[in-house]
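The values are calculated or read from the model by the stated rules, or taken from the named source; none is laboratory data. The shown structure was predicted, so the numbers you read here are calculated from the model rather than taken from an experiment. Here the Cβ is made from the backbone with ideal geometry for all residues, glycine too, and neighbour counts use every protein chain on show.
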Amino acid sequence: MYVKTIRIKNFRNHQETQIKFEEKINILEGENAQGKSSILEAIYFLATSRSFRNSRIKDLIQIGNEGFFIHGVINDEVEDINVKVYYSNKQRKISFNNSKLTSFLSLIGKIKVLIFAAEDIELVKGDAKGRRKFLDIHLSLMSEEYFFCLKQYKKILKQRNKILKEEKRGDKKIGLLTEQIAEYGTKIVEKRKEIVRKLNVVAKSMQKKLSKDKEELEIRYLSPLKGETKQEIREGYLRKLRETFKNDLRYHTTSIGPHKDDIDFLINNKKAKNFASEGQKRSIVLSLKLAEYKVMEEATEKGAIILVDDVLNELDEERMKAFYPLLHGGKQVILTCTKNSKIWEYVNKGVRYKVREGKVEDADEIQQTKRN
Ligand SMILES: Nc1ncnc2c1ncn2[C@@H]1O[C@H](COP(=O)(O)OP(=O)(O)OP(=O)(O)O)[C@@H](O)[C@H]1O
Ligand SMILES: [Mg+2]
């Protein structure tokens, strides 16, 4: 998949910007605070209906304006897809190939996108919530069924917790909700375990390439719900729900399930969160993301649009050298960098767009002989 054009209006510091991208490396270059990341953010929004910077949607509206508009033309390797969204505090309009969609959520899964951003480091350093979100976004982009199960699970979890709060231990409804929670929860856990197994294999080999064979990465799904098959997980799940019921009543909350699970990263058998250096943590994130790309490509037979938001910092030269060739396996890459960035030492061919004060100047082709 690749972005052909994007037009954004009243989005962050862009009043009106239109860019035509190429099916190769596209580099958005400019000083700080000129609007480079905002362009990636608009593309990411079309695919996921959220910001990769964890901003609220209303923060994307240009200050002083009513609402923003994004129009993307994306080639999905069969045809051109036209996606238009308008968002204001009062109104949301979404059109997909000229037919109206009722909610932003119905856009999810239609455009495959992958972002590399500084915020990703939180996947290793931060709390479990971010790691669960990573798995959920990845799986939702790949499977509508997963997205549906997740929505149902969240809804039922809320209902179950509400009844636990009201201490209705004899309530018939709680039995039914427990059955349902195990049903949807099992599907989520099964899919997450499966994807973590796949990501682990690819990420391990990426980490080896980035570290010149020095680092062995292991990614594990952490859950008290044991088993690999649907049946094994479901049986253990129902048993655990029965075991924890008394405590759940006491604490008014459901203590086990995919909403509590986590992922663990190990480097040479040691917990990365506590033992890995900054550069190693960054490399883990890059390995994980590169694995996400490969797994997504294999499953959907369509490459994702790769967005890279200034992730050069804190990687040494060896790792940088190894990273860019791994990335370029993808057809289109759109990346941002500041002026005089070291990026040209690693990428020797591409289209450069200069971004200044929310405006993008005409592109120029860059081709240079590779430096050693
Ligand atoms: N809702 C908004 N309305 C208007 N301007 C905004 C809004 N949100 C953010 N900005 C501003 O838009 C500008 C561009 O932000 P952006 O993050 O795209 O910059 P950037 O070019 O990626 O910079 P850097 O190199 O520092 O990452 C910043 O000055 C930011 O403060
Ligand atoms: Mg930026």
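Sort out which residues of the range 180-220 are of a type outside the set (S, T, N, Q) and not in a helix (DSSP H, G or I), and write them in order of number. Give the steps one after another, and end with the answer.
Step one: of the range 180-220, the residues of a type outside the set (S, T, N, Q) are 181-185, 187-199, 201-204, 206, 208-210, 212-220.
Those that are of a type outside the set (S, T, N, Q) and not in a helix (DSSP H, G or I): Lys212, Asp213, Lys214, Glu215, Glu216, Leu217, Glu218, Ile219, Arg220.
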Quick check on the range 221-232. Is at least one of its residues in a helix (DSSP H, G or I) and over 26 Å from the mean Cα position of the chain (by Cα)? yes
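Considering only the range 165-175, I want to know if a residue exists there that is in contact with a helix residue (DSSP H, G or I) (Cβ under 7 Å, 6 or more places away or on another chain) and either under 23 Å from Ile81 (Cα atoms) or among the acidic types (Asp, Glu) (or both).
yes
Based on what the data block shows, is Asn98 at pLDDT below 95 and more than 30 Å from Asp364 (Cβ to Cβ)?
Numbers: at pLDDT below 95: yes; more than 30 Å from Asp364 (Cβ to Cβ): yes.
In short, yes.
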Among the numbered conditions (1) more than 16 Å from ligand 1 (Cβ to nearest atom); (2) assigned to a strand (DSSP E or B); (3) within 30 Å of Trp344 (Cα to Cα); (4) β-branched (Val, Ile, Thr), tell me where Ile94 comes up short. (3)
If I filter the range 68-80 for residues that are buried (at least 21 other Cβ atoms within 10 Å of the Cβ) and over 22 Å from Tyr353 (Cβ atoms), do I get at least one hit? no
Listing of helices (runs of 4 or more DSSP H) fully contained in the range 114-179 that carry 1 or more residues being farther than 30 Å from Glu297 by Cα: 144-165
Within the range 15-53, residues closer than 13 Å to Ile70 by Cβ, within 16 Å of ligand 2 (Cβ to nearest atom) and in contact with a helix residue (DSSP H, G or I) (Cβ under 6 Å, 6 or more places away or on another chain) come out as Ser51
Any hit, the range 56-74, residues being touching a helix residue (DSSP H, G or I) at 6+ places or on another chain (Cβ under 9 Å), within 16 Å of ligand 2 (Cβ to nearest atom) and small (Gly, Ala, Ser): no
Being assigned to a helix (DSSP H, G or I) and either of a type in the set (Gly, Ala, Ser) or farther than 22 Å from Lys36 by Cα (or both) is the filter here; which residues of the range 316-329 pass it? Glu317, Glu318, Arg319, Lys321, Ala322, Pro325, Leu326
How about the range 277-315: which of its residues are away from ligand 1 (no atom under 16 Å from the Cβ), outside any helix (DSSP H, G or I) and free of Cβ contacts under 8 Å to residues at least 40 places away in the same chain? Ser277, Glu301, Leu315
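So if I check each of Ile61, Ile27, Ile43, Ile81, which one is within 13 Å of ligand 1 (Cβ to nearest atom), within 22 Å of Met142 (Cβ to Cβ) and not charged (D, E, K, R)?
Numbers: Ile61 fails: within 22 Å of Met142 (Cβ to Cβ); Ile27 fails: within 22 Å of Met142 (Cβ to Cβ); Ile81 fails: within 13 Å of ligand 1 (Cβ to nearest atom).
Just a single option satisfies the conditions, and that option is Ile43.
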Of the residues in the range 37-89, those that are of a type in the set (Ser, Thr, Tyr) and farther than 24 Å from Lys133 by Cα come to Tyr86, Ser88
Qualifying residues in the range 316-354 (those that are modelled with pLDDT of 85 or more and small (Gly, Ala, Ser)) - the one nearest to ligand 1 (Cβ to nearest atom): Gly350
Of the listed residues (Ile195, Ile256, Ile233), the one being surrounded by 16 or more Cβ atoms within 10 Å (Cβ to Cβ), in contact with a Ser or Thr (Cβ under 9 Å, 6 or more places away or on another chain) and in contact (Cβ under 8 Å) with a residue 40 or more places away in the chain is Ile233
